[in-house]
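Just below is one structure, and these are the notes that go with it.
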Amino acid sequence: MEIISKDKFQPAEKTTNAESIVRPSLNYWQDAWRRLRSNKLAMVGLVVLILLTLLAIVAPFVSKFDYETQYLKDIDLKPSMTHFFGTDDFGRDLWTRVWWGTRISLFIGLVAASIDLVVGVLYGGISAYFGGRVDNVMQRIIEVIYSIPLLLLAIILIVFLGPGIKSIIIAYALTGWVGMARLVRGQVLLVKEQEFVLAARTLGAKPARIILQHLIPNVIGLIIVQITFIVPTAIFFEAFLSFIGVGIKPPMASLGNLINDGAHYMRYQPHRLIFPTIVFSLILLSFNVLGDGLRDALDPKMRK
Amino acid sequence: MLKYVLRRFVYMLITLWVIITATFFLMKLLPGNPFGEVAAKLPPENLKILREQYGLDKPEWQQYLKYIGHVAQGDLGVSYQFPTRSVVDVIKQSFPASLELGIESLIFAVIVGLLLGIFAALKHNKAGDYSAMFIALIGISVPSFVVAPLLSYLLGNKWHILPAGLWQGPEHRILPALALSFGTIAILARMMRASMLEVSSLDYIKTAKSKGLTTWKIVTSHMLRNAILPVITILGPIAVNVITGTLVVESVFSVPGLGYQFVTSITTLDYTMITGLTIFYAAILIIVMFLTDIAYGFVDPRIRMSGRR
């Protein structure tokens with residue numbers, strides 16, 4: 001039989017800080033950021049987006065050319081050191097035009113998202129918070145708007161309003177907010193039955209305060225995720241409209257009309273299609289990956 | 001159930017009515033003379049007769065009711081640019097090509113999309129899953145108006161594998177259908193993957209596994225049936241995707257379909273054609289959404305009970 005030595009039975013040392021929390025405590029955002037950072041694909045998306053945004057802001061200023069001046073001597077040049085992306089059939093520098101287009105696309109995306117955010121959150125929040133008859137009426141209106149095909153409505157609106165950035169944004173804003181409103185309403189319905197809201201109400205908080213201070217913070221994660229999907233939708237929207245000829249008109253550059261032009265000339269000058277296409281796809285791809293990543297990071301419950 | 005169907009039907013009618021009304025009043029907003037340049041030179045008496053002939057002298061609400069009546073009877077008016085062609089004739093003439101293209105791309109997309117989704121779910125969190133989902137992500141991010149010209153250029157012009165355009169033999173169908181199916185494949189694959197993953201954690205699948213069934217058997221006879229149900233909900237987005245896709249794909253590949261007509265009418269500012277085709281497309285989409293709701297109501301009783309999507 002094995003002999004068990006006595007020194008294996010020493011009393012445990014008393015440690016005073018056994019209960020102490022070693023790791024720093026993280027709030028919701030720090031925790032979300034930590035989760036997002038560990039998602040490589042989403043981080044690549046974020047970095048690409050930041051790079052593209054910087055280029056869209058800086059490149060047109062730094063470039064020797066502007067987006068509309070025509071140099072008829074330099075028609076249809078292939079990419080070179082002076083014209084990084086080549087030139088088009090009016091001798092306009094494609095590098096500058098692509099970044100101008102990116103700028104416009106991002107601008108449309110951000111404005112559309114802001115409108116969606118304000119209208120959708122207010123509408124959804126009010127509808128869910130008050131409930132009952134108010135909710136009923138507001139939801140019936142939403143159901144009708146929701147089933148109107150957005151793109152078709154936009155096409156006829158723009159045909160009649162005249163093309164341009166403003167028309168595109170108006171057309172998008174008219175129906176785009178519905179998705180956000182539905183989402184916010186669903187989430188608010190879920191949150192508003194919880195005890196802390198009841199407590200706030202018992203303490204005499206007004207509806208506006210409850211919505212802004214208690215309900216919105218609880219749905220903000222969802223809203224952010226939704227925005228990362230709205231921006232690419234709006235960008236796609238502009239590009240699609242420009243592609244079929246009702247969006248932004250030349251000489252103003254937009255990714256949509258650059259791709260449209262490129263598609264016409266691709267047989268002889270493939271660079272005119274390839275560069276705007278790559279930038280456009282990168283924007284959409286990055287937003288989508290980032291959105292997926294944010295969804296996992298901001299809403300751990302949703303994660304599989 | 002009947003109440004639910006009726007309710008959705010009423011919504012469908014309201015939505016259609018909103019669209020028809022919107023198009024009517026947008027038409028009224030148009031600046032200028034409805035009879036074009038020539039009519040501006042006509043003496044006032046003739047113009048008055050013309051206006052009477054088209055009912056433009058009546059108050060707007062009467063014109064509006066008349067317009068609704070016409071649309072309800074399937075009369076969408078006459079082309080503004082080519083007064084000999086009625087909108088309905090154009091639809092009859094060019095819709096079949098679009099429909100064929102749409103169906104071909106749908107068949108292809110359903111096969112590839114579902115397979116991709118199932119494959120990704122089976123290889124969950126492995127390399128296969130990631131690559132399948134990356135393909136799907138690209139399908140969502142790279143829209144048809146990028147895919148279509150690229151396909152036409154690469155396969156058609158550069159490598160001469162398939163015709164780069166036109167609509168004649170079966171070989172002319174492949175590229176447009178392929179270009180049109182990209183987005184749909186992506187939507188379907190993502191949906192199918194999520195739905196398969198959800199089903200795969202259920203108890204009856206464990207039972208099937210412990211009985212010793214092969215993966216093939218489990219997937220085909222146990223998982224698919226339940227996993228495929230939620231896919232019905234995305235029929236609406238898919239229909240939107242296919243229709244907006246045809247607008248682009250037909251223009252790129254010169255397919256003589258309705259999408260091509262629509263884009264042409266937009267570029268030539270053929271107002272009656274634009275509004276007529278918009279109403280037609282809207283009607284298709286709204287009917288698809290209606291059928292989706294009904295189908296889902298049948299499939300999932302919880303939806304029917306709450307009456308909300």
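Multiply the residue gap between B:ILE107 and B:SER131 by 0.36 nm, knock off their C-alpha separation, and tell me the result in nm, one decimal place. Each step should come with its number before you reach the end.
Values: separation 24, 0.36 × 24 = 8.64 nm, distance 2.27 nm.
Length gained, B:ILE107 through B:SER131: 6.4 nm.
Taking H as built 1.01 Å from N, whose amide H comes closer than 5 Å to the amide H of B:VAL78, not counting residues under 5 places away?
B:VAL87
Say we join alpha carbon atoms closer than 10 Å with springs in a Gaussian network model of chain A; which of A:ARG35, A:ARG103, A:ARG133 then has the biggest fluctuation?
A:ARG133
What is the distance, in nm, between label points placed 7 Å from the Cα along the Cα-to-Cβ direction at A:GLU193 and at A:LYS40?
4.3 nm
Any idea what the alpha-carbon Rg over 2.2 N^0.38 Å comes to for region A:83-232?
Here the Cα radius of gyration is 1.35 times the empirical estimate.
Given the options B:GLY169, B:GLY297, B:GLY128, state which has the largest fluctuation in a GNM of chain B using a 10 Å cut-off (strictly under) for Cα springs.
B:GLY169
Can you compute the radius of gyration and Dmax for region B:94-256, using only the Cα atoms, both in Å?
Cα only, region B:94-256: 17.9, 55 Å (Rg, Dmax).
Taking amide H positions as placed 1.01 Å from N in the peptide plane, with prolines and chain starts having none, which residues 5 or more places from A:GLY86, or on another chain, fall under 5 Å of its amide H?
A:SER80, A:LEU94, A:TRP95
Counting just the Cα atoms, what span does chain A cover along each of its three principal axes? Round to the nearest Å and put the largest first.
Result, largest extent first: 95, 66, 36 Å.
From the P(r) of the protein assembly as shown, could you give the percentage of C-alpha pairs in the tail past 45 Å?
26 percent
Which lysines does B:LYS58 reach when only Cα atoms under 19 Å apart count, and residues fewer than 8 places away in its own chain are ignored?
Output for B:LYS58: B:LYS28, B:LYS48, B:LYS66.
Taking A:LYS73 as the anchor, which aspartates and glutamates have their alpha carbon closer than 13 Å to its alpha carbon, excluding any fewer than eight residues away along the same chain?
A:ASP88, A:ASP89, A:ASP93
Restricting to lysine pairs 8 or more places apart or on different chains, what number in region B:94-256 have Cα atoms under 29 Å apart?
Close lysine pairs found across region B:94-256: 10.
Could you check how many percent of all C-alpha pairs in region A:1-154 are farther apart than 29 Å? The partial results should precede the final answer.
Values: 7128 of 11781 pairs.
For region A:1-154, the fraction of Cα-Cα distances above 29 Å is 61 percent.
Between A:SER20, A:SER114, A:SER147, find the one with the highest GNM mean-square fluctuation for chain A; connect C-alpha pairs within less than 10 Å.
With Cα springs under 10 Å in chain A, the top fluctuation among A:SER20, A:SER114, A:SER147 is at A:SER20.
So how far apart, in nm, are the two label points at A:ARG23 and A:ILE3 if each is 7 Å from Cα heading toward Cβ?
4.6 nm
Once the Cα gyration tensor of region A:227-287 is found, what semi-axes does its equivalent ellipsoid get, as square roots of 5 times the eigenvalues, in whole Å, sorted largest first?
Computed over region A:227-287, the values are 20, 14, 7 Å.
Lys and Arg at +1, Asp and Glu at -1: add these up for the other residues within a Cβ distance under 14 Å of B:SER79 and post the number.
Taking every other residue near B:SER79 into account, the sum is -1.
Does chain B come out rounded, prolate or oblate by the C-alpha gyration tensor, with a ≥ b ≥ c the root eigenvalues, rounded set by a/c under 1.5 and, if not, prolate when a/b is larger than b/c and oblate if not?
Because a/c hits 1.5 or more and a/b fails to exceed b/c, chain B counts as oblate.
Which whole-Hz couplings ³J(HN,Hα) result when phi for each residue of region A:113-122 is put into the Karplus expression 6.51 cos²θ - 1.76 cosθ + 1.60, θ = phi - 60°, listed in order with x for Gly and Pro?
5, 5, 4, 3, 4, 5, 5, x, 5, 4
For a quick check: with amide H placed at 1.01 Å from N, whose amide H comes under 5 Å from A:GLY247's, ignoring anything fewer than 5 positions away on the same chain?
Distant-sequence amide H within range of A:GLY247: A:SER242.
Considering only the other residues whose Cβ falls under 14 Å of the Cβ of B:LEU151, what net charge follows from Lys and Arg at +1 and Asp and Glu at -1?
For residues surrounding B:LEU151, the net value is +1.
Quick note: the coordinates plus some simple rules give every number you see, no bench work behind them. All of these numbers come straight from a predicted model, not from anything done at the bench. All Cβ positions, glycine included, derive from the backbone under ideal geometry; neighbour counts span all protein chains shown.
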